[in-house]
Structures are given as C-alpha cells and as structure tokens.
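S.K.: Take this structure first; my questions come after.
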Amino acid sequence: MDVSGKMAFGVMGMLPPTSACSGGFQRNDKRQNQTMKSDTKSEARQKSIIHLDMDAFYPAVEVRDHPELKGKPVIVGGGRERGVVSSASYEARKFGVHSAQPMATAMRLCPHGIFLPVRMSRYQEVSRQVFEIFHSFTPLVEPLSIDEAFLDVTGVERLSGPPREIALKIKEKVLDETGLTVSAGVAPSKFVAKIASDMDKPDGLTVVPPDRVREFLDPLPVDKMWGVGKVTQQVLARLGVRTFQDLTQIPVGLLERTLGKHGAAMHRLAMGIDDRVVEPGHETKSIGHEETFARDILDLEEARKEILSLAGRVARRMRREDVRGLTVSLKIKYADFTLITRAVTLTEPVDDSGEIYATACRLLEKTEVGRRPVRLIGVSLSQLSSPDKETQLRLFDDDRASLKRKGLTLALDSICDKFGEKSIQPATLVSKT
Ligand SMILES: [Mg+2]
C-alpha cells in the first residue's frame, strides 16, 4: 500500500539535540511529530523488534548523579597519560571528542571538559535497573552491551499496543525511573531496528514499518551497515558502492568473489532481508554466593566446608537459570579486610556443584587460608552460556553416567527449592567424614 506523501519512516524527532538535556527528569516530548501509517495486514505476519540504546550512557549516569554537571562537556575515560575516552556527553562531542580517542587528544580538543574516571560498578547497577524495565515488557530481551538491547515485542502487541506505543512506553518508563534517555528503533528485523535507533539520537524514536524497509535503507551510506569492518568498507568503495541501494545492484556472484560468504549476506541485509531472531541472553555476567562469617575462619578444613556449601548454592542457581559457567572464581577477604580473588578458566563450562567445589578447592591452595584468619569467602561462576544446545548434542553421545547424574541433581534441586537450603546437604556438612 502506497502511503507516500506522508512523512517518511515515522522519524519522530526534529528537536535539536540540546533540548534533550534540559528540564531534569522531565520528558523531552517528541510526540508532536507525526508518524507514518503502515499496512497493518502485512505487519501482522512480521516480527516487531525494538532496538534500544541508552544515550551517552556513562556521562549521562555521571550527570544524573551530579546534577551540577548538567549541560557541561563530560568525558568519562582512563588516565591522563595513556587512557582513552570511554564515552563523551553530547556537549563534549561538539568539540570533536569521541569514544576510543586518546584522553590526551580529548583534553586538547576540550580543555574545559569535565574528565571523570570510569565507575563501572555504578553503570552496571543502573544497567540492571534499565534491563529490568526492558524485561517488564517482554521476556525476549537480547543484551548487546551494558546499555543496548534488542527486544522482540511481536507477541506482546495485543497486551501492550503497537510496537511504536511499546517503544514510547519503554522510553517513558526508563526516563521516569532512572532519569536517563534511551533511543529506540522499531523495525521488522534486528538489522533495521539497530540502524533506526541511531537515526535520531539522543532521545530518538524511529519507526520503520515493514513496507518501508527498502525505502529507509536505500539512501543510507553503507558504513551504517554495522558489523562491517574497515577492510570490507574499502572493498565496497573500490566497487563504487556508497549506499545500500548501490550494494543491492551489485551481482551477488561478484560480491561473493570479492568478499567471500559475507558478500551474499551483506547483499541480503542491504535488501532488508534479515531473519535473525532475538536471542534472550543473560544480563547476569556471573552467578555467585558469598558468606561473611560471624567468627573468622582459621583452618583449611572449615574453609572447605564453607566452599562446599557455597558451591552447592551457586550450582543450584545456575541450573535454575539454565546456564553453565566457564570461569570459577574464589574470593577471600582476610580478617584485616584484604581482598583477593583467584580464578581459573576451565576447558568446558560447568554447572555441577562437585566440579565447582573441586575447582574452588584447587584455587584455595593458592591463598593463605589456614595461615591467615578469613572473614569472608565467595564462590562465583562467570563466562556464562546456555547449555541447551550442548545438551541436545550430547544426547547422541553415550554419556549416560553424566545424564543420570544430571537427572539426580535436578531432583535434589527441586527438593531444596521446596524445603529450603538445609534439607539436603552433602555429607561432610552434616558430620565430618
Ligand atoms: Mg549507548
């Protein structure tokens, strides 16, 4: 259905970027601009994907925590000598400051800038808050980084309204609850949604209806094709390709000869064909438990017993969340508050309490536990992955013992969940062996 004559692509923002920073937690309302009607019949069969990207996330968090910095060029990054810029506020970007730039260059370009160190744990905290909001709209949230995610809202439209309305609600909720702005791109595919979210930053909302994808992509420069490296871009430039439309007009065979198998994929993307699904990931980067003791632990055996209990709790949580971890970490805080961490990365991911316990005990040997009083022990697993696929593959192996053990552990887990932690414990915790 042709709806030309209406404003293209439903790009909603026309206000100058600076307005996004005014008015504290108030909403910078861009809704007065019209959005485009689309063919709802074709939309029904299409996926609805929203890409969300927080605006200048680190500096935005700093400004929110220190309101006196509002409107100032804030630059978050490493040290003066050899550090690089992690992220710059929009005010700083006007001076040519951008991420990955050496800090020294940023200081030269923006001598009156406010230079701040990276407070990663703070950003992670806010990120968790933001992702919780995303999850309140759909379970299908695929995190791309600390401040960026894809949401598949295809199934929730009946409940929450059309995708554009959902994106607006998410933006509003993020602003209300965190005081931060997020830009959104709404499209029938991940590829187009991600490009769209970047079109109108900050505080942007760009909607690309299914029947307008080609029209949206065609005039864009190919360097908007994310995931394409410098070398590929040079190859494309040599072929005379400047826009997505140029790319669609190159024969696929030629692209394959010059760019390998990626050539065909890029051709498809340029035509707006992308059927990659949103894969819900684990925002939790690690799963762990720790225990601070009422009395300092003095001997090694006692420490091992605590580790056994911690390993069991970690393993149960991992199985409940259906993840395995590749890296086992042991955290020890000595009585004088000195904190140390020992970690090892295994060759295969684990979720089994026995393996976690054994690994943590090996790490224990690299500490002074037994010789120095300990006030806290923690066990955690990181580099998490979902075992679904591995298990499916493994079912064809004759690995019965492992499967049987898995069945048993899951049964024990459900008893623990029902009757509490203390109902089942490894023998050593009940009586010394
Ligand atoms: Mg961002």
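S.K.: How big is the dipole moment of the stretch 154-204 about its Cα centre under a simple scheme where the beta carbon of each Lys and Arg is +1, that of each Asp and Glu is -1, and everything else is neutral? Debye, nearest 20, please. Write down the numbers at each step before the final one.
M.R.: Details: 8 positive and 8 negative charges, 43 e Å.
That gives a dipole near 200 debye.
S.K.: Expected output is a single nm value to one decimal: the length gained when fully extending between His135 and Leu298, i.e. 0.36 nm times separation in residues minus the C-alpha distance. What is it? List each step's numbers first, then the result.
M.R.: Details: separation 163, 0.36 × 163 = 58.68 nm, distance 4.37 nm.
Length gained, His135 through Leu298: 54.3 nm.
S.K.: Counting pairwise Cα distances across the stretch 252-304, what percent come out greater than 13 angstrom?
M.R.: Details: 1047 of 1378 pairs.
Counting every Cα pair in the stretch 252-304, those more than 13 Å apart make up 76 percent.
S.K.: Could you state the orientation-averaged shadow area of the convex hull built on the Cα atoms of the stretch 46-209, in nm² to one decimal? Kindly include the intermediate steps, with their values, before the conclusion.
M.R.: Working: hull surface 36.9 nm².
Orientation-averaged projected area of the Cα hull: 9.2 nm².
S.K.: If each residue of separation counts as 0.36 nm, what is the full-extension length gain between Arg362 and Thr347 once their alpha-carbon separation is subtracted?
M.R.: 3.9 nm
S.K.: When all C-alpha to C-alpha distances in the stretch 191-313 are sorted into bins of 10 Å, what percent of pairs does each bin hold, rounded to whole numbers?
M.R.: 11, 30, 19, 9, 9, 14, 8, 1
S.K.: In what sequence do Thr232, Thr359 fall when counting other Cβ within 10 Å, fewest first? Intermediate values should be presented prior to the final figure.
M.R.: Details: Thr232 18, Thr359 22.
With the sparsest Cβ surroundings first, the list reads Thr232, Thr359.
S.K.: Take the Cα radius of gyration of the stretch 218-270 and divide it by 2.2 N^0.38 Å, with N its residue count; two decimals is plenty.
M.R.: Details: Rg = 9.5 Å, N = 53, 2.2 N^0.38 = 9.9 Å.
Cα-based Rg divided by the globular estimate yields 0.95.
S.K.: Which of the trypsin sites (Lys or Arg not before Pro) found in the stretch 344-387 are loop residues per DSSP with 15 or fewer other Cβ atoms within 10 Å of their Cβ? List each step's numbers first, then the result.
M.R.: Details: sites: Arg362, Lys366, Arg371, Arg375; in loops: Lys366, Arg371.
When the trypsin sites (Lys or Arg not before Pro) of the stretch 344-387 are filtered for loop state and at most 15 Cβ neighbours within 10 Å, Lys366, Arg371 remain.
S.K.: Express the relative contact order of the stretch 218-270 as a whole percentage, based on alpha carbon pairs under 8 Å and six or more residues apart in sequence. Numbers along the way, then the final one.
M.R.: Numbers: 45 pairs, mean separation 18.9, N = 53.
Once normalised by length, the contact order is 36 percent.
S.K.: Which pairs in the list Lys230/Lys261; Lys72/Lys171; Lys70/Lys230 are over 28 Å apart, alpha-carbon to alpha-carbon?
M.R.: Values: Lys230/Lys261 17 Å; Lys72/Lys171 23 Å; Lys70/Lys230 35 Å.
Over 28 Å Cα-Cα: Lys70/Lys230.
Every number in this text was worked out from the coordinates using simple rules, so none of it is lab data. Please read all numbers here as calculations on a predicted model, not as lab measurements. As a convention, Cβ positions derive from the backbone with ideal geometry for all residues, glycine included, and neighbour counts pool all protein chains shown.
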